[in-house]
Amino acid sequence: MSQAPNTATPSNSPEVGSLGRHAARGAMWMILTVGVGRLLQIVGVAVMGSALSKGDFGLVAIALSISMYIQTFRDAGVRDYLVANQSQYDSLVGPCFWLSGWINVALALALGLAGEVAARVFVEQGKIAHATDLSVLVWIMAASVPLGSPSITMLARLKVDLRFGAIAGQATLASFLRYGAQIAFVLMGWGAIGFVLPVLLVPIADNIYLYAMTREKAWLKPAEPKRWRAIWSASKWIVLASVAAGIANQGFAVVAMPLLPADTALEVMGVLFFALSMHYAIELVVTNSLVQITLPVFSRLKDEPVRQAAASMRVLRLTMLIAAPFTIAASLVFGPAAKLVWGSKWDDAAMVMLILAPAFALRAATCVVGGPLFQSRHKFTGFFWTWAVVAVTALAGASIGALWLGTATGMAAVLSVVLCVAYCITTVRSTTEAGSRAAPAWWGLLLPLAICCFAGAGVYALSETWLDSWCRRVLTATLEIKGRTFDLHQGLRAVLVGLIYLSSVLVLLRVMAAVLVRDALDVLPQRLASLGRRALWL
């Protein structure tokens, strides 16, 4: 395995003029590679959806929610801080490593104690049966925090060097280990503990892999505690933004849990968490791959504001043209696929997925364009406020949904509406502050989403009426495995739903958004762009 270069800007780095195409090639490589790991994640969720109860998923959701308020402090913002300050990497890596390491030790203790307190409160409220059911899960997550300290700076090194293949390899290895171990532990009957126990294995594997890729020994560099205050002062907004993003992802469960009826609280949170798990698995195939590219590239264009603004708009359009169809297609396919695998057990989760799909499509734009634009320009307060707005919106939406409606679909409906508004506002604000005009940003966000939602509504109506009965007549066979019956016509229905939806979206995009599509294709490597133009007759 190759060793990383010793400078922050290696000689084989692409020139500024080729950054766009280099980033696009890196994105495509990461999408293909990371996608393999995400497929395993989906398989893992499928296995756990059969083996675990809704209450088990509810416990995991609460444990994750507690950890989000504390665990997101774990790298003290130093990873993104190092990427944003590439020219000073070698002098900063030692102090950054030791600062994040000591913070992680303190956070592990704080997280474990917070879990103990929350567990006892929920027992008194009658929301969970035993305090240890929750506290053990939280302590496992707490133990993983200091284990991940060495990987923080090594991953920053790979990002600085634009080594997208190595980054994709790390993500794929982590996915295989985490979800493979989850499948094994759950099948062994370990319940909710089996879901979270792999978080102890992943940081160990990350450290070994990333050291092999970088040969970097940040722990041998001087700690220089006198520099910690300056680093924290510069990176604190990154940390606070990470906390806000974590709360937006899962943190609202702690707020919503006390407002739900005691007899259904765990199941409601379990259904919501299950649907969110599927969405995050889908999102990470595209969004996580693209966001690994945009921050380093935007950082290198920070001294060319006109080019950065133009690049941000093209990336925004490309992101929506990928994320919106992909997210809604997966949500539509999940309904019949869930019936095939689990029968009617997760019907309510399928509806929650559909309701949340527009919000997750817009979330991709905030993750890929909004946040990295602020970070690349060292506007860390803007980065923080982006996710703070989303976090407050998520907390308010979840609380209103839990208090007024008290069901998973009700919470999802309120969350979807308020989050769509928050993601639109924050993304447009980030592009306008970078020098773009607001109107093209709104157009790039809403036109693809409107087209995809319109097509999705039609295909959903078709799937639930004519297509369901037609598939049932065409394919009447069932499959018996260990006493369980699988209706194979649901598999045919899932395939047809996906094909019909994607075909209709391509036609509608070609007719109604040809200019946006043509402009977005220019970001791709020439061969892929030419293939896309020919396929769409552009």
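Mind checking whether some residue in the stretch 363-370 is in a helix (DSSP H, G or I), in contact with a Ser or Thr (Cβ under 8 Å, 6 or more places away or on another chain) and basic (Lys, Arg)?
yes
Please work out which residue is nearest to the chain's Cα centre (by Cα), limiting yourself to the stretch 203-219 and to residues that are of a type in the set (A, V, I, L, M, F, W, C) and surrounded by 20 or more Cβ atoms within 10 Å (Cβ to Cβ). For the stretch 203-219, the residue satisfying everything is LEU210.
Applying the condition of being outside any helix (DSSP H, G or I) and among the aliphatic types (A, V, I, L, M) to the stretch 153-195 and asking which residue is farthest from LEU64 (Cα to Cα) yields LEU162. Within the stretch 318-359, the residues that satisfy the criterion of being polar (S, T, N, Q) and at pLDDT 90 or above are THR327, SER331.
In the stretch 345-358, the condition of being outside any helix (DSSP H, G or I) and crowded, with 23+ Cβ neighbours inside 10 Å is met by at least one residue. Annotation: of all residues in the stretch 373-415 being surrounded by 21 or more Cβ atoms within 10 Å (Cβ to Cβ) and among the hydroxyl-bearing types (Ser, Thr, Tyr), the one that is nearest to VAL306 (Cα to Cα) is SER376. Exactly one residue out of VAL428, VAL459, VAL418 is surrounded by 18 or more Cβ atoms within 10 Å (Cβ to Cβ) and more than 23 Å from the chain's Cα centre (by Cα): that is VAL459. Those helices (runs of 4 or more DSSP H) of the stretch 399-497 in which at least 3 residues are in contact (Cβ under 8 Å) with a residue 24 or more places away in the chain and of a type in the set (Gly, Ala, Ser), considering only elements entirely within it, cover 408-433, 438-462. Taking the criterion of being of a type in the set (Asp, Glu) and within 26 Å of the chain's Cα centre (by Cα), the only residue of the stretch 247-269 that qualifies is GLU267.
The values are calculated or read from the model by the stated rules, or taken from the named source; none is laboratory data. Just so it is clear, the structure is predicted and the values come from calculations on it, not from any experiment. Ideal geometry is used to build each Cβ from the backbone, glycine not excepted, and the neighbour counts take in all protein chains shown.
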